[in-house]
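*Asks:* Starting off with a structure, shown below.
The values are calculated or read from the model by the stated rules, or taken from the named source; none is laboratory data. Predicted model, so just to flag it, every value in this text is computed and none were measured. Every residue, glycine as well, gets a Cβ built from its backbone with ideal geometry; the counts of neighbours run over all protein chains shown. We work out accessible area using only protein heavy atoms, side chains counted, and drop any ligands, DNA or RNA first. Shrake-Rupley method; radii C 1.70, N 1.55, O 1.52, S 1.80 Å.
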Amino acid sequence: KLCSTVGHCVSYEELKDLKKNNIIHIDVRERWEIDRFGRIPESINIPLSELVEALQMSPGDFREQYHQKMPSKSDHVVFSCLAGVRSKQALDFALSLGFS
C-alpha cells in the first residue's frame, strides 16, 4: 500500500493517476530492495532510516544527495514501501516535521 494522508492509502493504479498531478512519490524501501524488486518510475528512493534527516536537509543538499527537488511542507507527497508498514511510519515522520 501507498500512504498519502492520515488514514488514506492508495493503490498503484491510483498512484499512477496522482502522478499526473505533480505529487512527489518517495519510496522508503532499502536500496537493495530497489535493486531486487525494481524502481517505481519517477519516485525518489529515500530509505526510511534516512527519511527524517533527508526531510530536514537544505534544498541544495537534498538535490545533491537524491538528485531531485526537495518536497516543501505543503507539497502532496505519497510514501511507498513493500508492504505498507514503513510507508505509514514515513507518513508519521513527515507529519511530525510539519508536512501537511
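*Asks:* How big is the charge dipole of the chain about its Cα centre, in debye rounded to the nearest 20, if each Lys and Arg gets +1 on its Cβ and each Asp and Glu gets -1 on its Cβ?
*Replies:* The calculation lands at about 180 debye.
*Asks:* Also, quick follow-up: Would you mind checking which residues have amide H under 5 Å from D27's amide H? H placed 1.01 Å from N; only 5 or more apart, or other chain.
*Replies:* Amide H to amide H, under 5 Å and 5 or more residues apart or across chains, D27 pairs with I44, N45, I46, S80.
*Asks:* Still on this structure, I have one more. Short version: ³J(HN,Hα) in whole Hz for each residue of the range 66-76, in order, from phi by Karplus 6.51 cos²θ - 1.76 cosθ + 1.60 (θ = phi - 60°), x for Gly and Pro, what are they?
*Replies:* Working through the residues one at a time gives 10, 6, 9, 5, 6, x, 8, 5, 9, 5, 7 Hz.
*Asks:* Could I ask something else about it? For the chain, what is the largest minus smallest coordinate of the Cα atoms on each principal axis, given in angstrom and ordered from greatest to least?
*Replies:* Principal extents (Cα only, largest first): 32, 30, 25 Å.
*Asks:* While we're here: How large a share of the accessible area of the range 2-97, in percent, is made up of carbon and sulfur atoms when the probe is 1.4 Å and the other protein chains stay in place?
*Replies:* The value for the range 2-97 is 52 percent carbon and sulfur by accessible area.
*Asks:* Turning to a different aspect of this structure: I want to check the label-to-label distance for Q56 and K20. Put each point 7 Å from Cα in the C-beta direction and report it in nm to one decimal.
*Replies:* 3.9
*Asks:* Continuing with this model, one more query. Please compute the per residue accessible area over the chain with all protein chains in place, 1.4 Å probe, rounded to a whole number of Å².
*Replies:* 60
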